[in-house]
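Accompanying notes for the structure given below.
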Amino acid sequence: MDENPTTSSQLSPDELERYARQLGPGVLSAEGQMRLKESTALVTRVGGMGGPAALMLAMAGVGRVIIAHGGEMISPDLNRQVLGSEAVIGHPRAEPFADYLRTMNRFIEVEAIDHEPLAEELDELAARSDIFVSCPPTFEERLRLNQAAVKANIPLVDAAQWGMTGTLIVVDPGESACLQCVYPQAPPFEELFPVVGAISAATGSLAALEAIKILSDTGEPLAGKMLTYDGFKARVTTLELTRRGDCPCCG
Ligand SMILES: [Zn+2]
């Protein structure tokens, strides 16, 4: 643990106890933990991937977690949406999901938005966020988040899933490839694509880990690479990404 009294003194003894298992060599410094506390992260949406991502960010001590998710919970959501429960079926998700997150960490604030934010709202959210964690099912929404993050010059973690495969991209605006560099054309989309909750949670947790690293200035972020875990074949691949000079978003 960082013994520097200047940085340690900014976290209360209760907080230092709370986060004791993630403080030390190979994990976070007290200064990094303080940075998390002072950070705001937007997670949209908070279903199969974004739910576990928001949960891990909240539990790790990100000071303000903003979650955005519209619509009501339906029974097929419960194979993967860990912030929900049988009791939420038929009800809007954002508020009960936020309530659950609040029960997990008394030291943080959670804000709920009951819809998928549009471009103007994302600009406002980007202005008061330090990072976007993008977990929507549609490419259109992912692009919108990418554009807002690049415009505001804040990092973006983009998580995607299909079947038993999860994919992760980290965008460091102006430095590494953005989502639109990687996908000049929208990839194919199925409304009711198959997905196993275990891969959703794994991908969401890895997205949260990247966000925690970036916000706390710990380790080496994934920026400039695409990580894919093919759970069906138990294979991990990492691809180098390059920026496109003619990218309409970041070029
Ligand atoms: Zn780009």
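Values for this structure:
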read-out: Contacts under 7 angstrom Cβ, first residue in the stretch 222-248 being among the hydroxyl-bearing types (Ser, Thr, Tyr), partner within 15 Å of the ligand (Cβ to nearest atom) and part of a loop (DSSP other than H, G, I, E, B), 6 or more apart; value: Thr242/Ala177
read-out: Test for Ala208: is it buried (at least 20 other Cβ atoms within 10 Å of the Cβ) and either aliphatic (A, V, I, L, M) or away from the ligand (no atom under 16 Å from the Cβ) (or both); value: yes
read-out: Ile131 being under 30 Å from Pro25 (Cβ atoms), within 16 Å of the ligand (Cβ to nearest atom) and surrounded by 16 or more Cβ atoms within 10 Å (Cβ to Cβ); value: no
read-out: Those residues of the stretch 220-251 which are away from the ligand (no atom under 16 Å from the Cβ), part of a loop (DSSP other than H, G, I, E, B) and surrounded by fewer than 16 Cβ atoms within 10 Å (Cβ to Cβ), in sequence order; value: Glu220, Phe232, Lys233, Ala234
read-out: Any hit, the stretch 196-204, residues being within 24 Å of Ser39 (Cα to Cα), touching a Gly at 6+ places or on another chain (Cβ under 7 Å), open to solvent by 20 Å² or more (accessible area, probe 1.4 Å) and not aliphatic (A, V, I, L, M); value: no
read-out: Elements of type strands (runs of 3 or more DSSP E) contained in the stretch 32-125, each with 3 or more residues being surrounded by 22 or more Cβ atoms within 10 Å (Cβ to Cβ); value: 40-44, 64-68
read-out: Residues of the stretch 137-195 satisfying the condition of being of a type outside the set (Lys, Arg), without any contact (Cβ under 8 Å) to a residue 40 or more places away in the chain, open to solvent by 40 Å² or more (accessible area, probe 1.4 Å) and within 14 Å of the ligand (Cβ to nearest atom); value: Asn153, Gln185
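The values are calculated or read from the model by the stated rules, or taken from the named source; none is laboratory data. Every value quoted in this text rests on a predicted model; they were computed, and no experiment measured them. Every residue, glycine as well, gets a Cβ built from its backbone with ideal geometry; the counts of neighbours run over all protein chains shown. What goes into the accessible areas is simple: the full protein's heavy atoms, side chains included, and nothing from ligands, DNA or RNA. Shrake-Rupley method; radii C 1.70, N 1.55, O 1.52, S 1.80 Å.
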